[in-house]
Structure formats: structure tokens, C-alpha cells
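**Q** I have a structure here, written as C-alpha cells, and I will follow up with some questions on it.
The values are calculated or read from the model by the stated rules, or taken from the named source; none is laboratory data. Computed from a predicted structure; not experimentally measured. With ideal geometry, Cβ positions are generated from the backbone for all residues, glycine too; neighbour counts draw on all protein chains shown.
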Amino acid sequence: MTKISISTTDAGIPVITDPIANSKSSGYLVMVNTGSRDEKKNVLGISHLLEHVVFRSTKTRSSYQMAKEIEGAGGMMNAFTGKEYTGFYGLTINETSDVAKEMVSDILANPLIGDEDTEMEKKIVLQELSMIKNDPGSYIYDLIDETVWKGQELGQGEGGDEDIVANLNYRDLREYYAEKYGIPNFAVFAVGDVDEDETVSWASENFDDMKGKSKPSRKPPTIPKPEYRFVSNSSDHYQIALGFPICESADSEFSMPMSMLSATLGSGTSSRLFQEVREKNALVYSVYSSNLKSTDASYLGMFMSSTQENVEKSLNATSKVVRTFVNEGFEEGELERVKRMVKGEIIRSHESTARRMTAVAREYMLTGKLYTLEKKLSDIDATTEEDIMKIASKVLCSDYLNTVILGEESKELKEPIVIDI
């Protein structure tokens with residue numbers, strides 16, 4: 001039975017391989033240890049812009065040639081920018097896995113990052129940023145992030161500032177690339193029909209010469225004073241976000257209980273929030289919770305959307321759910337149901353090469369550790385009601401509560417709504 005493993009190239013780059021028995025696909029992902037959290041104020045958005053520009057052209061290929069090769073191999077390429085990492089990956093059917101490796105290494109090791117490419121891609125990125133602001137369901141995430149980590153690097157959005165992005169040039173990108181893209185900021189991941197020795201050899205050949213880079217120096221966040229924030233836009237439907245932060249590492253004793261707390265309150269249609277706020281009272285269309293993690297901090301977020309007349313009612317119903325849970329704890333059999341629900345989601349994601357690859361990579365970048373499926377399921381089983389109630393009493397309190405309302409201008413909603421947690 002093959003298992004997830006970690007090796008290193010001759011130059012010390014971590015290479016994580018996770019073979020999937022009988023898989024018909026192969027995925028290769030390189031994570032760069034830099035993101036929006038690591039950007040200086042005068043270049044906010046540079047990580048995201050650079051992620052786009054490297055796809056424009058390399059020393060050997062245009063973007064069109066790359067697209068033809070990867071799609072002609074039955075595959076796809078993509079990338080993503082986070083607060084603490086940037087990822088580039090290629091996925092193909094197993095018979096053309098060499099194409100996936102070639103494409104990923106080409107855009108990372110050989111990008112041209114020229115003037116024309118930068119100016120063209122800036123136009124696309126600026127449209128993306130504008131699109132997000134016009135998509136309330138996406139924009140609310142940026143706003144609650146900024147609010148929970150107010151004035152700190154962790155609150156810097158992945159897309160950056162539109163005015164700053166508009167003034168970045170190819171020299172800025174080349175300087176950032178030279179500083180961040182290489183050892184010790186690389187980690188390589190291979191999932192599916194993959195071979196450990198072949199992956200290490202590929203990574204060593206293509207990335208071991210990319211040395212002399214600086215590792216990010218990150219200041220641990222602190223929990224700011226709670227804030228109520230109203231942001232106006234043209235939508236007559238209101239987005240609501242609540243954020244409860246905690247400054248603990250992603251692999252601390254609180255990590256799994258925090259995830260289980262989030263699942264109990266707001267994962268799925270059987271969750272407490274969905275049943276109380278939507279099903280019993282019809283106050284919202286959507287309501288859910290999420291545990292948003294970084295290396296040294298996280299927050300429990302609760303999200304919902306409603307019409308104006310239901311905003312305060314929705315917040316009151318949500319606070320009732322939270323108070324009831326903190327005061328009364330779990331119902332009989334509830335924790336076992338939640339555990340099985342979380343296990344089911346993990347197992348299903350584990351059967352997808354793409355989802356498994358990104359999950360393994362993100363876990364490693366956040367914790368520096370590898371977790372097998374068996375370990376994840378074991379950790380869920382080991383989490384007790386006491387563990388979850390301990391983190392609930394620590395996090396779910398008014399002293400930590402941040403609230404953001406996004407919607408059409410409203411004098412009533414600009415005034416802070418008292419939320420009784």
C-alpha cells in the first residue's frame with residue numbers, strides 16, 4: 001500500500017508525493033511561500049498580479065502554446081494566490097503526466113515577465129478586482145478579513161489595492177520574483193498516478209538552481225478591538241458576516257475542535273444555523289459558517305444573506321443559536337452526526353486528484369506537517385465534546401465579535417446592531 005511521503009531535492013526543496021491507487025490522472029503543484037500577507041504597503045496586489053503574468057509567456061512558449069499543449073494532453077493548468085502562499089499546478093491524464101510537469105516548471109523557472117505582458121495582464125486583474133466588488137457574496141470575505149485583522153498584514157486582501165496594482169510595472173514584478181521565487185520558498189507536491197523518485201528528479205532538475213531568496217518574515221497578529229462595519233453598494237440584498245478570531249497556530253490543540261465547532265454551527269442543511277435562521281424563520285436564503293485558517297491565527301466566520309428588513313432579525317436568530325450552544329452544549333447524538341458529516345466531506349475530497357492535491361499542499365504550508373486520511377479521521381474521532389466546548393467558550397464571545405454588513409445605503413443599518421452573544 002502506497003502512502004504519502006516527503007523527500008527533498010539535493011538543494012533541500014521538500015517534495016511531497018501522494019500516490020492514489022488505480023488513478024488515471026496525475027497532478028503536480030508547486031507552492032511558493034509568499035502571498036498578500038508578505039507584501040509591503042506600496043505593492044499590495046503584486047503576488048496576485050505576478051501569478052497572472054507568469055502565464056503570459058516563457059522563454060520557450062506563448063500563453064497560447066501552453067494552452068494548446070496542456071489541453072492537448074487532456075489536462076489543465078491554473079494557479080491561486082492566498083495570504084501566505086501562491087500555488088501553480090498542472091493536471092493531466094496519467095499517460096501525459098510529463099506535459100503537466102513541463103508546463104509547471106516552464107512558467108515557474110522561465111517566465112519572461114515583460115512590459116507588454118504586465119500591462120495586458122494588469123487590465124485583466126483590475127477587471128477581476130472590480131468583478132469581486134460587484135459580487136457581494138465574494139466581496140464580503142475580503143471585508144470581514146480586513147475587519148477581523150484590522151491594520152495588520154494578515155488583513156491584506158489577496159487581490160490587493162486597485163490603484164496600487166494599476167501603477168505596478170514589470171520591473172516591480174521581476175524584483176519580487178527574484179526575491180521570493182526560489183529556495184527556501186518552494187515546496188513541490190505530486191498526487192495521483194505519480195512516482196516519488198521521478199518527481200524528486202524533476203523538481204531537482206528544474207528548481208534547485210533557483211536559490212538565494214529571502215524567506216518571509218511574518219509578525220504574529222493580535223486580536224484587535226471588535227468592530228461593527230457597514231459598507232454600502234448598489235445591491236438591495238444584504239450580505240452579513242460575523243468573525244470570531246483566535247491567535248493560535250494551525251496545528252495547535254484548538255485546530256480540530258475549531259473546525260468541528262464551525263461544522264456543528266453552520267455546515268450543511270442540518271446545522272443549527274441553517275435550521276434556525278432559514279428553515280424555522282425563513283430570514284435568509286443562505287447561511288453557513290467556515291473556519292478560515294492561517295499559520296498563526298484563524299477565525300470562525302458566519303455568513304448569511306437577507307433582505308433589509310431581515311438583517312437585524314437574522315443577527316438575533318444567529319446570536320440565539322450561539323448562546324444556546326455555549327450554554328447548553330450538544331444535543332444527544334449530535335456530535336457523532338457532525339463527525340460523520342465531516343468525515344464524509346474529507347473522504348469525498350480525498351477521491352479527487354485536484355482537491356486532494358490542494359488540500360495536502362495547504363495543510364503542509366500551514367502546519368509544516370503531512371496528514372494521512374487515516375490520521376485526519378482519527379483526529380476527528382478523538383475530538384470530544386469537552387474539547388469543542390472549551391474553544392466555543394473561548395472564542396464565541398462579544399469581546400471578539402466583528403460584524404460586517406454589505407448592502408444598499410441604510411441609515412438604520414449604519415448604526416451598530418447590538419448582538420447578544
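**Q** Can you tell me which of (1) assigned by TED's automatic domain parsing to the domain that holds Gln308; (2) among the charged types (D, E, K, R); (3) over 23 Å from the mean Cα position of the chain (by Cα) is the one Arg174 doesn't meet?
**A** Against the list (1) assigned by TED's automatic domain parsing to the domain that holds Gln308; (2) among the charged types (D, E, K, R); (3) over 23 Å from the mean Cα position of the chain (by Cα), Arg174 comes up short only on (1).
**Q** Only one of (1) part of a helix (DSSP H, G or I); (2) out of contact with any Lys or Arg (no Cβ under 7 Å at 6 or more places or on another chain); (3) surrounded by 14 or more Cβ atoms within 10 Å (Cβ to Cβ); (4) not basic (Lys, Arg) is not met by Phe330, so which one is it?
**A** With respect to (1) part of a helix (DSSP H, G or I); (2) out of contact with any Lys or Arg (no Cβ under 7 Å at 6 or more places or on another chain); (3) surrounded by 14 or more Cβ atoms within 10 Å (Cβ to Cβ); (4) not basic (Lys, Arg), Phe330 is out only on (1).
**Q** Which of the residues belonging to the stretch 13-54 are basic (Lys, Arg) and over 19 Å from the mean Cα position of the chain (by Cα)?
**A** Lys24, Lys40, Lys41
**Q** I'm trying to understand the selection: among the residues of the stretch 23-49, which are hydrophobic (A, V, I, L, M, F, W, C) and touching a strand residue (DSSP E or B) at 6+ places or on another chain (Cβ under 8 Å)?
**A** Leu29, Val30, Met31, Val32 - these are the residues of the stretch 23-49 that are hydrophobic (A, V, I, L, M, F, W, C) and touching a strand residue (DSSP E or B) at 6+ places or on another chain (Cβ under 8 Å).
**Q** Taking the stretch 45-101, which residues are out of contact with any Phe, Trp or Tyr (no Cβ under 7 Å at 6 or more places or on another chain), crowded, with 19+ Cβ neighbours inside 10 Å and aromatic (Phe, Trp, Tyr)?
**A** Phe55, Tyr85, Phe88
**Q** Follow-up. Step by step: first the residues of the stretch 106-127, then only those that are within 23 Å of the chain's Cα centre (by Cα) and not acidic (Asp, Glu), then the one that is nearest to Lys213 (Cα to Cα). Which residue is that?
**A** Of everything passing the filter in the stretch 106-127, Leu108 is nearest to Lys213 (Cα to Cα).
**Q** Hey, can you tell me all the residues within the stretch 374-396 that are without any contact (Cβ under 8 Å) to a residue 40 or more places away in the chain and either surrounded by 13 or more Cβ atoms within 10 Å (Cβ to Cβ) or assigned by TED's automatic domain parsing to the domain that holds Leu143 (or both)?
**A** Across the stretch 374-396, the qualifying residues are Lys376, Leu377.
**Q** Anything in the stretch 12-28 that is touching a helix residue (DSSP H, G or I) at 6+ places or on another chain (Cβ under 7 Å) and not in a strand (DSSP E or B)? List them, or say none.
**A** Ile13, Ile20, Ser23, Lys24
Yes/no per residue for (1) farther than 29 Å from Gly27 by Cα; (2) in contact with a strand residue (DSSP E or B) (Cβ under 6 Å, 6 or more places away or on another chain):
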site	(1), (2)
Asp142	yes, no
Trp149	yes, no
Gly159	no, no
Gly182	no, no
Ala187	no, yes
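**Q** Quick check on the stretch 407-417. Is at least one of its residues among the charged types (D, E, K, R), within 24 Å of Phe244 (Cα to Cα) and not in a helix (DSSP H, G or I)?
**A** Yes; the residues of the stretch 407-417 include at least one that is among the charged types (D, E, K, R), within 24 Å of Phe244 (Cα to Cα) and not in a helix (DSSP H, G or I).
**Q** Report, by residue number, each residue of the stretch 211-233 that is in a loop (DSSP other than H, G, I, E, B) and touching a strand residue (DSSP E or B) at 6+ places or on another chain (Cβ under 7 Å).
**A** Ile223, Pro226, Glu227, Asn233
**Q** Shifting gears a bit: Residue by residue through the stretch 363-404, note down the ones that are assigned to a helix (DSSP H, G or I) and more than 27 Å from Glu336 (Cβ to Cβ).
**A** Tyr364, Met365, Leu366, Ser398, Asp399, Tyr400
**Q** For a quick check of your reading: which strands (runs of 3 or more DSSP E) sit entirely within the stretch 234-320 and have at least 1 residues that are in contact (Cβ under 8 Å) with a residue 24 or more places away in the chain and out of contact with any strand residue (DSSP E or B) (no Cβ under 7 Å at 6 or more places or on another chain)?
**A** In the stretch 234-320, 286-293 are the strands (runs of 3 or more DSSP E) which contain 1 or more residues that are in contact (Cβ under 8 Å) with a residue 24 or more places away in the chain and out of contact with any strand residue (DSSP E or B) (no Cβ under 7 Å at 6 or more places or on another chain).
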